[in-house]
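Shown next, in structure tokens, is the structure this report addresses.
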Amino acid sequence: MKVLIVGGGGREHAIAYKVSKSSQVEKIYCAPGNAGIAELAECVPIGAMEFEKLADFAEEKEIDLTVVGMDDPLIGGIVDVFRARGLRVFGPDKKAAILEGSKAFSKDLMKKYHIPTAEYEVFTDADKAMKYLETAKMPIVLKASGPALGKGVLICNTLEEAKAGVKEIMLDKQFGDSGNEMVVEQFLTGREVSVLTFVDGKHIKLMSSAQDHKRAKDGDQGLNTGGMGNFSPTPFYTREVDEFCKKYVYQATVDAMEQEGRPFKGVIFFGLILTEEGPKVLEYNARFGDPEAQVVLPRLENDIIDVFNACIDGTLDQIDLKFSDDACVTVILASDGYPEKYEKGFPISGLEKFRGKEDYFVFHSGTKFGENKEVLTNGGRVLAVTARGKNLKEARAKAYEATEWIHFDNKYMRHDIGKAIDEAGEDVNV
């Protein structure tokens, strides 16, 4: 088979790694890819939003399967373009990708189908939002309804902060057109966990649980980012949580989408919060998370091509999805100053130390080749340094050990990824 992967981040590198392990695959292309993906695939200089060019390329190279990693092309309808041309593609179509593309849509869906979530209101008028906030209970959460690379969420502790947040999202357009519509949501307290799932329109299969670290700085301080580290499985995703979500959340969401005439095929990412009243859905994503993919996919034991095909063909119920019973931790090496202002273009050394090591991985998020084929930093999140261990504590120790192998100017990372592992006591693997 020839496979095309659309995207150029750490998630796509993790997908490419897993695709490269399939005995069915002889050639991988990635558009646009990055310096790390280039070791596994032929990188093609076509942007992820250039749908017609990508489809032309898939036709010309006789690609057997295209896998779309990124949210923007999925929300924009890349799957519809490929399907219309008879090209086989993994991911939700535009009608289904609205699950991530509009937070207002997903909140209304949850309300209609009684899927547990925070109470909320939706606004398209900033003045009305300001007026509503005057009677609302603080703290409160403001969310740009459209996609914002994981950054369009503001937690406001006071009325003044909340009003400034409305200005930032709706008037100053900090997140562009994604802020034309805004969700104002009840603030929930509890641990957040992520569950990635494969979906074939009717059936759903769970991948292993994971736990993200969104804040830029140690101690969960600083601004929200796309994710500074992750671990899988999370000990807080207990059997009780699993049973509750299987009953009220996972299949309920798949059924709801089908009822709405928007059958979902691809990956649904469930962002959950474990409140005192039970688990609730914070958000849906319509693709693999980043950096969730980097800790979940190395533990997948199936041939991922079989799973992709089953999702497309509606035969996912015939797949016995299996994950190894070890653990995985990833630490993001970022450019100092991310997610605000940062410099890039610095040479990276030490990448060769990962070669030939079974339990250590380095997934490239923001890298490129320089003029002399040296690897340079090319983004806010640069590398996802990842390690597997027999349990979470061992995996974390190995991941932090491996962060010392890599050097580049303005290298920055959090030093407390997985601190919740210690708080949990014994590992609980579901």
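The values are calculated or read from the model by the stated rules, or taken from the named source; none is laboratory data. The structure displayed is predicted, hence computed values, not measured ones. Neighbour counts are summed over all protein chains in view; Cβ atoms, including those assigned to glycine, are modelled from backbone coordinates with ideal geometry. The area values use the complete protein model at the heavy-atom level, side chains included, leaving out ligands, DNA and RNA. Shrake-Rupley method; radii C 1.70, N 1.55, O 1.52, S 1.80 Å.
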Estimated FRET transfer efficiency (K390, R88; beta-carbon r; R0 30 Å; 0.05): 0.20
For the chain, what is the mean residue ellipticity at 222 nm derived from helices alone (per DSSP H run of n ≥ 4: -39500 (n - 2.57); sum divided by total residues; nearest 500 deg cm²/dmol)? -7500 deg cm²/dmol
State the answer as a single residue: which of A55, L65, L99 lies farthest towards the positive end of the charge dipole of the range 55-132, with beta carbon charges of +1 for Lys and Arg and -1 for Asp and Glu, about the Cα centre. L99
Which one, A164, Y360, A420, is farthest towards the positive end of the dipole of the chain when Lys and Arg carry +1 and Asp and Glu -1 on their Cβ? A164
With N residues in the range 172-240, Rg(alpha-carbon) / (2.2 N^0.38 Å) equals 1.44
In a solvent-free Debye calculation with one equal scatterer on each Cα, what is log10 I(q)/I(0) for the range 204-269 at q = 0.14, 0.28 Å⁻¹, listed in the order of the q values? -0.60, -1.12
Could you give the Stokes-Einstein D for the range 172-288 in µm² per second, using the C-alpha Kirkwood radius, 10 °C, 1.306 mPa s? 101 µm²/s
Over the range 2-93, give the accessible area per residue in Å² for a 1.4 Å probe, as an integer. 36 Å²
With every protein chain in place, the range 2-93: carbon and sulfur % of accessible area (1.4 Å): 45 percent
Which whole-number percent is the relative contact order of the range 2-93 (Cα, under 8 Å, 6+ apart)? 29 percent
For Cα pairs less than 8 Å apart in space and 6+ apart in sequence, what is the mean separation divided by the residue count of the range 92-169, i.e. the relative contact order in percent? 28 percent
Does the range 81-132 classify as rounded, prolate or oblate by the C-alpha gyration tensor (a ≥ b ≥ c root eigenvalues; a/c under 1.5 gives rounded; else a/b over b/c gives prolate, otherwise oblate)? oblate
Rg and Dmax in Å for the range 6-161, alpha carbons only: what are they? 19.9, 61
Could you work out the relative contact order of the chain? I mean the mean sequence separation of Cα pairs under 8 Å and 6+ apart, divided by the number of residues, in percent. 16 percent
Would you please give the FRET efficiency between E401 and E121, computed as 1/(1 + (r/R0)^6) with r the Cβ-Cβ distance and R0 = 45 Å, to the nearest 0.05? 0.40
Quick one: if you stick a label point 7 Å off each Cα along the C-beta vector at E42 and N372, how many nm between them? 2.9 nm
Looking at the chain as a GNM with Cα springs under 10 Å, which of V141, V67, V89 has the largest mean-square fluctuation? V141
Using the Cβ atoms and a cut-off under 9 Å, what net charge is assigned to the surroundings of L142, where Lys and Arg are +1 and Asp and Glu are -1? -1
Quickly work out the D320-to-D409 label distance, labels modelled 7 Å from Cα along the C-beta direction, and quote it in nm with one decimal. 5.5 nm
For the range 119-186, report the convex hull volume of the alpha-carbon atoms normalised per residue, in Å³, without decimals. 69 Å³
Dmax and Rg, reported as Rg then Dmax, of the range 2-93 (C-alpha, Å): 11.6, 32
Where Rh denotes the Kirkwood radius from the mean inverse Cα pair distance, what is Rg over Rh for the range 191-423? 0.99
Averaged across orientations, what area in nm² does the convex hull of the alpha carbons in the range 365-423 project? 4.8 nm²
Heavy atoms only, 1.4 Å probe, whole protein assembly: order C43, C245 by accessible area, highest first. C43, C245
At 7 Å along Cα-to-Cβ for each site, give me the label-to-label distance between D242 and E134 in nm. 5.1 nm
